[in-house]
Amino acid sequence: LPDSQNQPESAICIGAAVKSEPEDEVEQSLIELGSLARTAGADVVQSITCILKSYRSSTLIGKGKLADIAKIVAEQDVQTVLFDNELSPAQQANLERELKVKVVDRTGLILDIFASRARTLEGKLQVELAQLNYILPRLTGMWSHLGRQNGGIGTRGPGETQLEVDRRRIRQQIARLRPRLEKVRRTRLLHRAKRKAVPFPIAALVGYTNAGKSTLFNRLTGANVLIEDKLFATLDPTTRLLNLPAVGQVLLTDTVGFINRLPTMLVEAFKATLEEVAEADLIVHVIDAANAGVEKQVEVVEKTLTEIGCDGIPVLEVLNKVDLLEDRGVPRSPTGADVPAIVVSATTGEGIEQLVEEIDRLTAMSKIKVKVRLGHDRGDLSSAIRREGRLIAEEFDEAGVVIEALVPPKLAGLLAPFAVPEEGVPDEPELDKPRGSEI
Ligand SMILES: Nc1nc2c(ncn2[C@@H]2O[C@H](COP(=O)(O)OP(=O)(O)OP(=O)(O)O)[C@@H](O)[C@H]2O)c(=O)[nH]1
Ligand SMILES: [Mg+2]
C-alpha cells in the first residue's frame, strides 16, 4: 500500500466464503488478514465476513453484499478494501469500479509487505519479479475496465497501444531481472558450498510467521536479528554458529515465516532461499503455543515443509510463548513430531537449556564426523558416504583414498575399522567466541 509510512490508510477487510467452508477457519484467516493489513501500515476500521451461496465470477460476492460494502466505504471514508480471497484480475477491476476505491487481495497485500521488507539484493529481486508477474495480467484488467467506462471512438486505438507499451515494458523488466537474480543466487550458492565444506551440521528454525523464530534465534546465538510483532519481520535468512557440548558446533539458520495461502508466485520466488532448509540436518519447528489458530498454523507449516522437499529430515517441535499461557500445564503436542515437543519462552528464557540439549542430542545423532582410509576395493563404502553423508575432504594416493565426511551413525559404524586417527585438534576459529557467532 502506498503512503503507508506517512499516514495510515483506512481499510476494511472482507472475508468471503461459501457455506461449506469451516466458519472458524474463515474467521481466523480474516483476523490474520487484519494483522497483515496493519503490518502494511493500514488502519483497519472494520472486518466483514460474507457467507455466500456461491461465488460470483464477475465480482466474487453478490450484488446485495456489494451494495452493503459500498455503503460502508462511503460512510466511513474507507480508502482501501482488502479481500482475504484471491481475486482474478477481472474481479479486482470490477470490484474497484463498483466500490470506487482501491481493492487489494490477499496476494497483493502479502506482496506489498514482502516488497517493503526485503533487505538483501536477492530478496528484493525475488519480490520484484513476483510483483511484476502479479501486475502483468492485471494491467489488461485495468485497461479493459477503463475502456468500457469511457468507451467509444478514439479510446480504443491509443488505449490498446498504451497497454501494449506497458506490457512490453514489464516483460522487458522481467527479462532483465531474471539473469540478475540468477547471478545473485549463484553467489549465494557459492557461499553455501563454502559453508557445507565446514563440517558442521545445519539446524534450521522454521515456523509460522510471528511464532518467535527470530527471538529464539537471538536468544540461542546472541545475535541481534530484527524482532517485531508484525508478520514477515524476517525475509532473508541469517545463519550463525552455535556452540554445543556434544556435537561441537551447529549452523543455525533463521528463516522467513510461513503463512496460510502464501501466494504461489512468492513460494516460487522464495523456493531458492528455502532450499537451504531442505538441506538442514535438523528442522526446529517453532510454534506459537499461545495462538488461537495454532493447529491450522502447524498444518500449514507441515504442508509447506513437504512442498519444499523436507520430508525425511528430523523435526524438533518447540512450543514457544508458554509465558502467555494461562494454564501452565504442558500444551498438547501437535502431531507428526519425531520427538516430544520442547516447551519454551524465547522471551523469558524458560526451557532454553533443555532446547539446547535437545538440538545437541538430535544433531549429534544425525551426522558423525569421520576420517577414513579406504582401499581401491571399497568403492561401495566411498559411494555410500557420498550418498548418505556429506563429504568434507578427499585425498587420493596409490593405496586408495582418505575421506573426511559427516555420516549417519550407522554408516559411521561400518566405517569405524577404516578410521584414520586425527592428528591434533583441527583449527576452529569460531570456537572461542560465546555460544553464537557470525557466519
Ligand atoms: N510473550 C512472548 N512473546 C514472544 C515470545 N517469543 C517471541 N515473542 C514475540 O512475538 C513477536 C514475533 O517474534 P519474532 O521473533 O519476530 O517472530 P518470527 O517468527 O521471527 O516472525 P517473522 O520473522 O515475522 O516470521 C514479537 O513481538 C516477539 O516479542 C515468547 O516466548 N513470549
Ligand atoms: Mg523473524
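List of remarks:
- Among 315-323, 388-396, the peptide with the highest mean count of other Cβ atoms within 10 Å heads the list, and the full ranking is 315-323, 388-396.
- Whole-Hz couplings from phi, Karplus 6.51/-1.76/1.60, listed for the stretch 379-393; x for Gly and Pro: x, 4, 6, 5, 6, 5, 4, 4, 6, 9, x, 10, 6, 9, 8
- Extension gain (nm, one decimal) between Ala74 and Arg387, 0.36 nm per residue minus Cα-Cα: 106.3 nm
- Shape category assigned to the stretch 97-137 from the gyration tensor of Cα positions, a/c cut at 1.5: prolate
- Sequence-distant residues sharing a close amide H with Ala233 (under 5 Å, placed H): Asn210
- The stretch 239-291 and the stretch 384-416: distance between their alpha carbon centers, rounded to Å: 27
- Other-chain or far-sequence residues with amide H under 5 Å of Glu350's (modelled H): Ser345
- A crude spin-label estimate for the pair Leu121 and Arg361, with each label 7 Å from Cα along the Cβ direction, gives 4.4 nm.
- In this structure, the amide hydrogen of Asn85, modeled 1.01 Å from its nitrogen in the peptide plane, lies closer than 5 angstrom to those of Ala16, Arg106, counting only residues at least 5 positions away or on a different chain.
- Measuring against 19 Å, Cα to Cα, the residue pairs Lys213/Lys369; Lys124/Lys296; Lys65/Lys230; Lys71/Lys102; Lys271/Lys367 contain Lys213/Lys369; Lys124/Lys296; Lys65/Lys230; Lys271/Lys367 as the ones spanning a longer distance.
None of the figures in this text is laboratory data; all of them are computed from the coordinates on show. Computed from a prediction, not measured in an experiment: that's the story for all the values here. When we count neighbours, we look across all protein chains shown, and the Cβ atoms used for this are built from the backbone with ideal geometry, even at glycine.
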